[in-house]
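These notes are about the structure you will find just below.
Each reported figure results from applying straightforward, stated rules to the coordinates on display, with no laboratory input. Predicted, not measured: the structure shown is a model, and the values here were computed from it. Note that we place each Cβ from the backbone using ideal geometry, even for glycine, and neighbour counts take in every protein chain shown.
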């Protein structure tokens, strides 16, 4: 879908561009999707800026571009919160001695507030058995 939007971006109308920005903005905050997709969504949104500036009024374009920047800023703030919580938990675990010197990917995913990677936090046989 992203490739399609990229190739037809100059043919899209202003309301279509606005809708695409809002859809990608909301998907950037979906913790079930990986960071690689969040990066793709941000690139896609900012790839639309030329089309937005050409099709929208100056006020509408400013509003949409501000929405894109706010989305990225909120995502960065969320990442900082998750990082600080994971760091505190890691330090606490180190002081108690329940965790080795380094954290693994499973520990980091478990520290995420929502939507940790199931493949790293649960055993497949437990999921299949409904445990």
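By how many nm would the segment from residue 58 to residue 10 lengthen if fully extended, with 0.36 nm per residue of separation less the alpha-carbon distance? Working shown, then result.
On the way: separation 48, 0.36 × 48 = 17.28 nm, distance 1.71 nm.
Contour length minus the Cα-Cα distance gives 15.6 nm.
Using only the alpha-carbon atoms of the stretch 1-91 as identical scatterers, what base-10 log of I(q)/I(0) does the Debye formula give at q = 0.15, 0.22, 0.24 Å⁻¹?
-0.59, -1.05, -1.19
Please give the contour-minus-distance gain from residue 50 to residue 96: 0.36 nm per residue of separation, less the Cα-Cα distance, rounded to one decimal in nm.
Contour length minus the Cα-Cα distance gives 11.2 nm.
Quick one: if the Förster radius is 25 Å, what FRET efficiency do residue 40 and residue 88 give, using the C-beta to C-beta distance and rounding to 0.05?
Efficiency, rounded to the nearest 0.05: 0.25.
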